[in-house]
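The values are calculated or read from the model by the stated rules, or taken from the named source; none is laboratory data. What you see is a predicted model; the values in this text were computed from it and never measured. Counting neighbours? That spans all protein chains shown, and the Cβs are built from the backbone with ideal geometry, glycine included.
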Amino acid sequence: MKIFITGGAGFIGSNLAKKLLDRKDQVVMIDNFNDYYDPKLKRDRIKIFLEGYKFKLYEGDIRDQKLLEKIFKKEKIEKVVHLAALAGVRNSLLDPVSYADVNIMGTLNLLEMAVKYKIKNFIFASSSSVYGNNKKQPFSEEDNVDTPISPYAATKKSTELLAHVYHHIYGLNVTALRFFTVYGPWGRPDMALFKFTKNILEGEPIDVYNRGKMSRNFTYIDDIVSGTITVLDKCKGYNVMNIGGDKEETLTRYIEVIEENIGKKAKKNLMPMQPGDVPSTVADIRKLRKLGWKPETRIEEGIKNFVEWYGGYYGIK
Ligand SMILES: NC(=O)c1ccc[n+]([C@@H]2O[C@H](COP(=O)([O-])OP(=O)(O)OC[C@H]3O[C@@H](n4cnc5c(N)ncnc54)[C@H](O)[C@@H]3O)[C@@H](O)[C@H]2O)c1
């Protein structure tokens with residue numbers, strides 16, 4: 001299969017590309033290497049993490065319709081995994097216009113291409129943040145998600161709505177994957193695991209929001225990749241699917257495991273809840289399990305892998 005990954009230099013995109021290339025799929029990617037976080041990490045994912053792999057990478061923007069047209073025309077793409085987006089709930093409050101532009105208009109451009117070039121399956125990244133302050137736990141795909149609490153969440157919900165239109169009118173096979181807090185090696189510097197590891201190693205304090213009274217279904221990158229591939233191979237029609245770990249972990253326990261792996265205690269700044277953030281996200285993953293997928297990695301193993309990678313990448317003993 002020839003698969004087009006948007007956001008291919010990103011955390012999830014680069015990991016997905018590696019797995020698809022390992023099983024001999026052909027991969028074409030696009031990324032604009034924006035500076036939301038250090039673009040060097042994105043370039044190193046391509047240069048170091050994907051070293052020796054053969055794929056095609058376009059450096060460009062998903063808002064550039066002419067470029068997308070050129071890529072789809074030339075590459076004879078069969079399936080699409082659309083991951084390019086401005087991520088980060090908190091940052092979306094600072095620049096909601098850019099979030100809407102990239103996340104909504106970018107997705108719309110890709111849906112247009114998918115129909116025009118008869119793409120067999122279109123998978124894209126939604127987010128657990130669409131559940132907002134949903135009281136019912138765990139979060140199920142059947143729950144009403146009409147009340148997002150951040151611009152980022154509203155853009156992700158909007159893409160689910162647009163995708164449904166393209167399924168309904170044009171019969172596009174399209175699945176929205178609602179990712180739950182993804183972590184692991186080559187992860188994002190704006191996310192808790194990265195920031196905590198860095199600060200603990202440097203002896204700096206860490207900001208612990210809602211005084212640590214938060215819980216998450218943290219999801220290890222390899223489980224995200226295997227779930228995405230399951231959907232890419234098996235799903236038809238229009239679907240919305242949660243993809244998350246199967247164990248609810250508190251933020252306090254998450255920090256403990258980081259401390260154990262670094263061998264050093266964190267200095268904690270206990271902070272109030274951040275606007276736009278939610279105290280708990282727990283996933284109902286029965287729908288994806290029915291396709292034969294299950295999460296395999298516990299935080300004890302996943303955080304160990306991350307801390308080892310971090311030390312190696314930044315040359316810290
Ligand atoms: N990591 C998580 O915990 C998580 C949780 C829920 C949803 N998601 C979603 O999953 C997807 C991938 O997330 P990630 O963690 O790999 O983030 P990431 O920021 O590492 O990857 C996204 C990539 O998209 C690229 N990009 C952004 N705007 C672009 C544009 N206009 N044109 C071309 N490329 C562009 C970025 O340069 C980046 O490399 C995103 O859509 C994100 O919203 C991630």
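I'd like to check which helices (runs of 4 or more DSSP H) are fully inside region 1-97 and have at least 2 residues that are under 22 Å from Leu110 (Cα atoms).
Fully inside region 1-97 and qualifying: 11-22, 65-75.
Quick one: what pairs do we get from region 1-21, first residue under 18 Å from Asn32 (Cα atoms) and among the hydroxyl-bearing types (Ser, Thr, Tyr), second outside any loop (DSSP other than H, G, I, E, B) and more than 11 Å from the ligand (Cβ to nearest atom), C-beta under 7 Å, 6+ apart or different chains?
Going by the 7 Å Cβ cut-off, the qualifying pairs are Ser14/Phe49.
Could you check region 185-203 and list, in sequence order, the residues that are in contact with a helix residue (DSSP H, G or I) (Cβ under 8 Å, 6 or more places away or on another chain), among the charged types (D, E, K, R) and away from the ligand (no atom under 11 Å from the Cβ)?
Hit for region 185-203 is Lys198, nothing else.
Please specify each residue of region 114-157 satisfying the condition of being closer than 30 Å to Glu248 by Cα, surrounded by 18 or more Cβ atoms within 10 Å (Cβ to Cβ) and hydroxyl-bearing (Ser, Thr, Tyr).
Answer for region 114-157, where residues must be closer than 30 Å to Glu248 by Cα, surrounded by 18 or more Cβ atoms within 10 Å (Cβ to Cβ) and hydroxyl-bearing (Ser, Thr, Tyr): Ser126, Ser127, Ser128, Ser129, Tyr131, Ser150, Tyr152, Thr155.
List every residue pair whose Cβ atoms lie under 8 Å apart, where the two residues are 6 or more positions apart in sequence or sit on different chains, the first residue falls within region 28-53 and is on the phi > 0 side of the Ramachandran plot, and the second residue, located anywhere, is modelled with pLDDT of 95 or more and assigned to a loop (DSSP other than H, G, I, E, B).
Listed pairs, sorted by first residue: Phe33/Ala9.
State all residues of region 240-276 that are touching a residue at least 60 places away in the same chain (Cβ under 8 Å), among the polar types (S, T, N, Q), within 22 Å of Phe179 (Cβ to Cβ) and surrounded by fewer than 19 Cβ atoms within 10 Å (Cβ to Cβ); if no residue qualifies, say none.
If the condition is that a residue be touching a residue at least 60 places away in the same chain (Cβ under 8 Å), among the polar types (S, T, N, Q), within 22 Å of Phe179 (Cβ to Cβ) and surrounded by fewer than 19 Cβ atoms within 10 Å (Cβ to Cβ), then Gln274 is the only one that fits.
Could you grab me the full set of residues in region 72-85 that are surrounded by fewer than 20 Cβ atoms within 10 Å (Cβ to Cβ) and not basic (Lys, Arg)? Please lay out each step first, then the result.
Going through region 72-85, the residues surrounded by fewer than 20 Cβ atoms within 10 Å (Cβ to Cβ) turn out to be 73-76, 78.
Result: Glu75, Glu78.
Residues Ser158, Ser129: which one is modelled with pLDDT under 95 and in a helix (DSSP H, G or I)?
None of the others qualify; the one that does is Ser129.
Given the structure, is Asp223 among the acidic types (Asp, Glu), closer than 21 Å to Leu86 by Cα and within 15 Å of the ligand (Cβ to nearest atom)?
On the way: among the acidic types (Asp, Glu): yes; closer than 21 Å to Leu86 by Cα: no; within 15 Å of the ligand (Cβ to nearest atom): yes.
So Asp223 fails the test.
This table checks each residue for (1) within 18 Å of Ser280 (Cβ to Cβ); (2) at pLDDT 95 or above; (3) not acidic (Asp, Glu).
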| position | (1), (2), (3) |
| --- | --- |
| Asn134 | yes, no, yes |
| Pro138 | yes, no, yes |
| Asp143 | yes, yes, no |
| Ile149 | yes, no, yes |
| Ala153 | yes, yes, yes |
| Leu162 | no, yes, yes |
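Looking at region 184-212, I want the residues that are more than 19 Å from Ser92 (Cβ to Cβ) and modelled with pLDDT under 95 and have a partner that is of a type outside the set (Gly, Ala, Ser) and within 16 Å of the ligand (Cβ to nearest atom) with Cβ atoms under 6 Å, at least 6 apart or on another chain. Which pairs are those?
Gly212/Leu251
Across region 93-118, which residue is nearest to the chain's Cα centre (by Cα) among those that are of a type outside the set (A, V, I, L, M) and either closer than 14 Å to Asp61 by Cα or within 10 Å of the ligand (Cβ to nearest atom) (or both)?
Ranking the candidates gives Asn103 first.
Let me confirm something: among Ile62, Ile71, Ile46, Ile77, which residue is near the ligand (Cβ under 8 Å from one of its atoms) and among the β-branched types (Val, Ile, Thr)?
Values: Ile71 fails: near the ligand (Cβ under 8 Å from one of its atoms); Ile46 fails: near the ligand (Cβ under 8 Å from one of its atoms); Ile77 fails: near the ligand (Cβ under 8 Å from one of its atoms).
Exactly one residue qualifies, and that residue is Ile62.
May I ask you to list pairs of residues, at least six apart or on different chains, whose Cβ atoms are under 6 Å apart, with the first in region 115-130 being closer than 26 Å to Ala154 by Cβ and touching a residue at least 24 places away in the same chain (Cβ under 8 Å) and the second being away from the ligand (no atom under 14 Å from the Cβ) and among the hydroxyl-bearing types (Ser, Thr, Tyr)?
Close Cβ pairs (under 6 Å, with a partner that is away from the ligand (no atom under 14 Å from the Cβ) and among the hydroxyl-bearing types (Ser, Thr, Tyr)) amount to Val115/Tyr170.
Against the condition surrounded by 14 or more Cβ atoms within 10 Å (Cβ to Cβ), modelled with pLDDT of 95 or more and either touching a His at 6+ places or on another chain (Cβ under 7 Å) or polar (S, T, N, Q) (or both), how does Thr219 come out, does it pass?
Details: surrounded by 14 or more Cβ atoms within 10 Å (Cβ to Cβ): yes; modelled with pLDDT of 95 or more: yes; either touching a His at 6+ places or on another chain (Cβ under 7 Å) or polar (S, T, N, Q) (or both): yes.
Here the answer is yes, as Thr219 does meet what is asked.
Give region 250-292 a look and list any residue that's in a strand (DSSP E or B) and out of contact with any Lys or Arg (no Cβ under 6 Å at 6 or more places or on another chain), or say none. Give the derivation first.
To start, the set of residues in region 250-292 that are in a strand (DSSP E or B) comprises 250, 268-270, 280-281, 283.
Result: Thr250, Lys268, Asn269, Ser280, Ala283.
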